[in-house]
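Engineer: Quick one: the structure is below, and I'll ask about it shortly.
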Amino acid sequence: MTMANEGARVQQTLRNLMSGSASVRLRAALASGTAPDPLQIEELVRRCAVEPDFHVRETLTWALTRHAAALTVPRLIDELRSPRARARSQALHTLSKIGDRRAWPAVTRELMTDADEDVARSAWRAAVALVPEGEESGLARLLVERLGRGEPETMLSLSRALIALGEPAEPVLRTAMSAPEPHVRRHAIATERLAREPERGFDFAIEEAKRIVVLGTTGQEE
């Protein structure tokens, strides 16, 4: 394919990313990942911030992971300062998929405590994916501060993040299981239960935690 034809193909793909049809946008995102081109990166990132269809957004993220991290990571870090919550959330999600730890300093406390729950959840997942060796305990202490807050989906995301940290999270989680605030104790106990018996699910873990808190124990004796 000549350079002119290649350029025309890229331009057509970029136009298709703005189509009114989700299926056309999906095919364009697939094409962008199948034949990566640096000229596509800016539009892929921009579309992530405004794309309404979940499957298309996931494909846009996949397409970005197919490009050179040296080009995508700095652009995605810039996106973390966007006033648009979806832009921040999707950039964090994409950074977690790329897995380049040079992005770690950009996953700030501010993002992990963002008022938008989608952004906060994405920041927790990105932080767990990118945290450098030796800094896991500090991350665990920060995450534990969020126990007991938010909707059930948010609580589950936080539990999963703490579980994914593994051993470094265990001491701070044990401490939280004896916290004075009942809602913090419940969430901490539920997280420990979920880690111990993942096959029983989070709803079961929460109900068990409620029972344990009512009985006035931490659940560590069981």
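Laboratory data are not the source of any read-out in this text; all were calculated from the coordinates shown. These numbers come from a predicted model, not from an experiment. With ideal geometry, Cβ positions are generated from the backbone for all residues, glycine too; neighbour counts draw on all protein chains shown.
Engineer: Specify the residue with the greatest mean-square fluctuation among Q90, Q12, Q40, computed from a Gaussian network of the chain linking alpha-carbon atoms under 10 Å apart.
Structural biologist: Between Q90, Q12, Q40, it is Q12 that shows the largest mean-square fluctuation.
Engineer: Given R₀ = 25 Å, what would the calculated FRET efficiency be for D116 paired with K210, taking r from the Cβ atoms and rounding to 0.05?
Structural biologist: E between D116 and K210, to the nearest 0.05, is 0.35.
Engineer: What 222 nm value per residue comes from the helices of the chain, counting each DSSP H run with n ≥ 4 as -39,500 (n - 2.57) and dividing by all residues, nearest 500 deg cm²/dmol?
Structural biologist: When only DSSP H runs of four or more count, the value is -21000 deg cm²/dmol.
Engineer: Could you give the nm distance between label points at R149 and R101, where each point is 7 Å from its Cα heading toward the beta carbon?
Structural biologist: With each label point 7 Å from Cα toward Cβ, the separation is 2.7 nm.
Engineer: Next question. Provide, in order from the shortest bin, the percent of all Cα-Cα pairs of the range 13-130 in each 10 Å bin, continuing until the bin that contains the maximum pair distance.
Structural biologist: 16, 49, 30, 6
Engineer: Packing-wise, with mean Cβ within 10 Å as the measure, how do 102-113, 193-204 rank, highest first?
Structural biologist: 102-113, 193-204
Engineer: How high is the FRET efficiency from D203 to Q11, r the C-beta distance, R0 41 Å, rounded to 0.05?
Structural biologist: My answer for the efficiency is 0.25.
Engineer: Let me ask you something else. Which is farthest toward the positive dipole end of the range 140-222 among V214, P152, A179, measuring Cα position about the Cα centre, with Cβ charges +1 (Lys, Arg) and -1 (Asp, Glu)?
Structural biologist: A179
Engineer: Under the Karplus relation 6.51 cos²θ - 1.76 cosθ + 1.60, θ = phi - 60°, what is the ordered set of whole-Hz ³J(HN,Hα) values for the range 67-79, x standing for Gly and Pro?
Structural biologist: For the range 67-79, the Karplus curve yields 8, 5, 4, 4, 9, 7, 4, x, 5, 5, 4, 4, 5 Hz.
Engineer: Among T175, T191, T72, which one moves the most in a GNM of the chain with springs linking Cα atoms closer than 10 Å?
Structural biologist: T175
Engineer: Let me ask something additional. For a distance above 29 Å, tell me the whole-number percent of Cα pairs in the chain that qualify.
Structural biologist: 37 percent
Engineer: Can I ask one more? Using +1 on the beta carbon of Lys and Arg, -1 on that of Asp and Glu, and nothing else charged, what's the dipole of the chain about the Cα centre, debye to 20?
Structural biologist: 580 debye
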